[in-house]
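Participant: This is the structure I want to talk about, given as structure tokens.
The values are calculated or read from the model by the stated rules, or taken from the named source; none is laboratory data. Every value quoted in this text rests on a predicted model; they were computed, and no experiment measured them. Cβ sites come from the backbone with ideal geometry, for glycine too, and all protein chains shown count toward neighbours.
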Amino acid sequence: MIEAQNLTKIFRDKKRGEIRAVDKVSFRCQPGQIYGLLGANGAGKTTCLRLLATILQPTDGTARVAGFDINDQPEKVRASVGFLSTATALYGRLTARETVEYFGRLNGLNGGALKKRVDELFALFDVGEFSDRRCDKLSTGMKQKVSIARTLVHDPPVMIFDEPTVGLDVMTARTIVSFIRDCRARGKTVIFSTHVMSEAEKLCDTIGIIHDGKLLTEGTLAELRARHSMHDLEDIFVKLVEAGA
Amino acid sequence: MNLRHVGVVYRKELRDQLRDRRTLISMIVVPILLMPVLMFGLTALMVKLLQRAQREAATVMLLGAEHAPTVAERIRAAEGIKVVPPADDYARQIEAKTLRAAVEFPPGFERRLAGDEPPGALRVKIYHYEGEIRSLFAIRSLREILRDYRDQVVEQRLAARRLSRDLLDPFETQEKNVASPEKVGGERLGGLIPYMIIILCLTGAMYPAIDLTAGEKERGTIETILASPVSRGALAMGKFLTVFTASLATALLSLGSLAVTLMFMPAMGELRSAGSGTPLFQIALSAKGLAVVVGMVMPLAVMFSAALLAIALLAKSFKEAQSYISPLMIVVIMPAVVAILPGIELDAKLALVPILNVSLVSKQILTGNYQWNYIGLIFLSSCVYAALALGVAAAVFRRESVLFRS
């Protein structure tokens, strides 16, 4: 479960002054569902997800992630979250196994339990054959598999994906998409951001359209279509963004 | 702070660093090789250059040689001097280093010597190039020849007056060195060793510090690690300990290498400093001295590691971090170089100047001189500076604007 309440993040830039990257955003993601944050580049998606993952601290407002407050218990929040984005790279000089074990240890796993969990994940994602290769020697697809294993090592109830398919080839992107679906099937709370309409249409139970840091609308695809009397998500998106601008 | 996390981060970062060629070179290869190369190589080179300068015949011009046929003849016959025909542009030639020196005799020099000239009326001028070693060797030989000739003239004059030569030497002076050879060697080159260790301490920490901060940003792993349960404090501490380990390892390896090098030094008996015949290097290295120097360098390594981490974290990329850190090298080298200057002695004020204080006191320690009050004061002040740097580094790690600079 994720509950954001008036989540606000203001950056101060010497040239541009105050930037409200996320502006009083409130929404709720349920377990076993996928919530999609749809927005153009610079809309505030990444900042919003970073706030939820406690990588950044909100200027105002708060959120509860898996029952923990992001302001008061950020470490507990991070222990309940699997965070994956195209920006979350792997340590090139560590092997796949060392990488996943490292994050397992940081999540409190140790010894036999850690090894068992890593073996399990590697079997699940076919990492076994390259598990002892250094990450900088892996292909993009292999890296993505290791990254997924990394986010799942502590079996978190909440998954946050920040534009996870950006820059990936079709096959690798499909692995990620099927992985996101799999997370939902296992009852995890999933939030992910994208600027690709088709991806949002395909995957999301609830879609929130974000622009200039503000959540303009949210609802299921059917609800959005009915509310705006339009069928195409792209048309709905453009209409909202133009009205907001 | 979760100490278990600190340990996990430290072990991972250390393993990561030990697989980085740049770190390995700056942390292990350079300190091991630098001391022997510096001590054997530089000494050998220095001795060779000096010997060559001494062996090489110095070109000398005689101006007014016809007024001093005897002296001119002696100069011509002297070993290592080659007399060239006189020319008007002798000064330019000396400046151009094609001529080492020129000697100018006043008109009627030898004839007037035999007469009754008032003292100071006759002046032989030697033109030379100040500070140029080969010019110096040339005028040294010329001075010797002129002094011998003067002594000879004096003796003749005394003999003519039936006076004894002994009249001129009512007493003798004798200079005797009472400082032990270790101390003499230490004064000469002892400053160089702590200086090298301090610089290595910095360079050993440099690459890991950049790699663990700016490097992590550049490779995009910073977001990965920040999304894990580890706190910023524990992350900063784990990284700091890694950099500190590298810094200390560099210092210890260089000290170890120095100790081994010095064990082989006696075999270099033939490398004596030019002229004086005393060994160029002779430094007493006791286990105690080494241990105290390591103790003094420890807080310095903490300070360097923390400062480097804080600075490198400000950068977005490895390259940018390098450009921030290069000026720091100069800041560190300056005080360390000052400590090598002759005549700089430790006092209460200098004991508070970071880096310089450690450099100076280490020089003393390596010459076997332990001033415990200064050693204590310097250790404490270094610890204060180290704590300050560590505080700054921890504060920088908590700043979002720094971690996510774009």
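Participant: Run A:Asn41 past the list (1) closer than 23 Å to A:Val238 by Cβ; (2) of a type in the set (S, T, N, Q); (3) free of Cβ contacts under 8 Å to residues at least 24 places away in the same chain and report the number of the one that doesn't hold.
Facilitator: It is condition (3) that A:Asn41 fails.
Participant: Just name the residue that is farthest from B:Leu192 (Cα to Cα) out of those in the stretch B:342-359 that are touching a residue at least 24 places away in the same chain (Cβ under 8 Å) and among the aliphatic types (A, V, I, L, M).
Facilitator: Here the answer is B:Ala348.
Participant: Out of curiosity, is B:Leu49 farther than 30 Å from B:Ser254 by Cα and not basic (Lys, Arg)?
Facilitator: No; evaluated as a whole, the condition is false for this residue.
Participant: Scan the stretch B:125-159 residue by residue and report those that are of a type in the set (Val, Ile, Thr) and either out of contact with any helix residue (DSSP H, G or I) (no Cβ under 6 Å at 6 or more places or on another chain) or part of a helix (DSSP H, G or I) (or both).
Facilitator: Matches in the stretch B:125-159: B:Ile133, B:Ile139, B:Ile145, B:Val153, B:Val154.
Participant: Follow-up question, since we're still on this one. When you go through A:Asp162, A:Asp136 one by one, which is the residue that is under 19 Å from B:Ile222 (Cα atoms), among the charged types (D, E, K, R) and either in contact (Cβ under 8 Å) with a residue 60 or more places away in the chain or buried (at least 20 other Cβ atoms within 10 Å of the Cβ) (or both)?
Facilitator: None of the other options fit; the residue is A:Asp162.
Participant: Does B:Lys217 satisfy being out of contact with any strand residue (DSSP E or B) (no Cβ under 6 Å at 6 or more places or on another chain) and either modelled with pLDDT of 95 or more or of a type in the set (Phe, Trp, Tyr) (or both)?
Facilitator: Criteria not met by B:Lys217.
Participant: Follow-up question, since we're still on this one. Go through A:Pro74, A:Pro58 for me and flag whichever is closer than 30 Å to A:Phe237 by Cα and of a type outside the set (A, V, I, L, M, F, W, C).
Facilitator: Going through A:Pro74, A:Pro58 in turn, the sole match is A:Pro58.
Participant: Is there a residue being in contact with an Asp or Glu (Cβ under 9 Å, 6 or more places away or on another chain) and within 10 Å of chain B (Cβ to nearest Cβ) anywhere in the stretch A:56-69?
Facilitator: Within the stretch A:56-69, one or more residues are in contact with an Asp or Glu (Cβ under 9 Å, 6 or more places away or on another chain) and within 10 Å of chain B (Cβ to nearest Cβ).
Participant: Please find, among B:Gly131, B:Gly41, B:Gly64, B:Gly108, the residue that is assigned by TED's automatic domain parsing to the domain that holds B:Leu258 and either surrounded by 15 or more Cβ atoms within 10 Å (Cβ to Cβ) or more than 29 Å from B:Val153 (Cα to Cα) (or both).
Facilitator: Result: B:Gly41 is the single residue among B:Gly131, B:Gly41, B:Gly64, B:Gly108 that is assigned by TED's automatic domain parsing to the domain that holds B:Leu258 and either surrounded by 15 or more Cβ atoms within 10 Å (Cβ to Cβ) or more than 29 Å from B:Val153 (Cα to Cα) (or both).
Participant: A further question follows. Looking only at helices (runs of 4 or more DSSP H) that lie completely in the stretch B:297-406, which have at least 1 residues being away from chain A (no Cβ under 14 Å)?
Facilitator: B:318-338, B:356-366, B:372-397
Participant: Being facing another protein chain (nearest Cβ under 7 Å) and polar (S, T, N, Q) narrows it down to one of A:Thr88, A:Thr99, so name that one.
Facilitator: Exactly one residue qualifies, and that residue is A:Thr88.
Participant: Any idea which of (1) buried (at least 19 other Cβ atoms within 10 Å of the Cβ); (2) free of Cβ contacts under 8 Å to residues at least 40 places away in the same chain; (3) within 14 Å of another protein chain (Cβ to nearest Cβ) is the one B:Val9 doesn't satisfy?
Facilitator: (2)
Participant: Consider the stretch B:12-58. How many of its residues are within 14 Å of another protein chain (Cβ to nearest Cβ) and out of contact with any Gly (no Cβ under 7 Å at 6 or more places or on another chain)?
Facilitator: Of the residues in that region, 12 qualify.
Participant: Here's a follow-up. Any idea which residue in the stretch A:9-32 is farthest from A:Thr217 (Cα to Cα), counting only those that are surrounded by fewer than 18 Cβ atoms within 10 Å (Cβ to Cβ) and more than 14 Å from chain B (Cβ to nearest Cβ)?
Facilitator: The extreme case among them is A:Gly17.
Participant: I'd like the residue in the stretch A:70-85 that is part of a strand (DSSP E or B) and more than 8 Å from chain B (Cβ to nearest Cβ) and, out of all such residues, is surrounded by the most Cβ atoms within 10 Å (Cβ to Cβ).
Facilitator: Result: A:Gly82.
Participant: Something else about it: Residue under question is B:Val29, and the condition is that it be within 30 Å of B:Ala251 (Cα to Cα) and not hydroxyl-bearing (Ser, Thr, Tyr); does it hold?
Facilitator: For B:Val29, the condition - within 30 Å of B:Ala251 (Cα to Cα) and not hydroxyl-bearing (Ser, Thr, Tyr) - is met.
Participant: Output the qualifying pairs, or none if there are none: Cβ atoms under 9 angstrom, residues six or more apart or on different chains, first residue in the stretch B:103-131 and touching a residue at least 12 places away in the same chain (Cβ under 8 Å), second residue assigned to a strand (DSSP E or B) and small (Gly, Ala, Ser).
Facilitator: From residues that are touching a residue at least 12 places away in the same chain (Cβ under 8 Å), the pairs are B:Lys125/B:Ala102; B:Ile126/B:Ala101; B:Ile126/B:Ala102; B:Tyr127/B:Ala101; B:Tyr127/B:Ala102; B:His128/B:Ala101; B:His128/B:Ala102; B:Tyr129/B:Ala101.
Participant: Ok, one more. Here's a check for you: in the stretch B:209-221, which residue that is facing chain A (nearest Cβ under 9 Å) and either in contact (Cβ under 8 Å) with a residue 24 or more places away in the chain or part of a helix (DSSP H, G or I) (or both) is surrounded by the fewest Cβ atoms within 10 Å (Cβ to Cβ)?
Facilitator: Among them, the one singled out is B:Arg219.
Participant: Check the stretch A:115-125 and report whether any residue there is within 13 Å of chain B (Cβ to nearest Cβ) and either crowded, with 18+ Cβ neighbours inside 10 Å or not basic (Lys, Arg) (or both).
Facilitator: No, every residue in the stretch A:115-125 fails to be within 13 Å of chain B (Cβ to nearest Cβ) and either crowded, with 18+ Cβ neighbours inside 10 Å or not basic (Lys, Arg) (or both).
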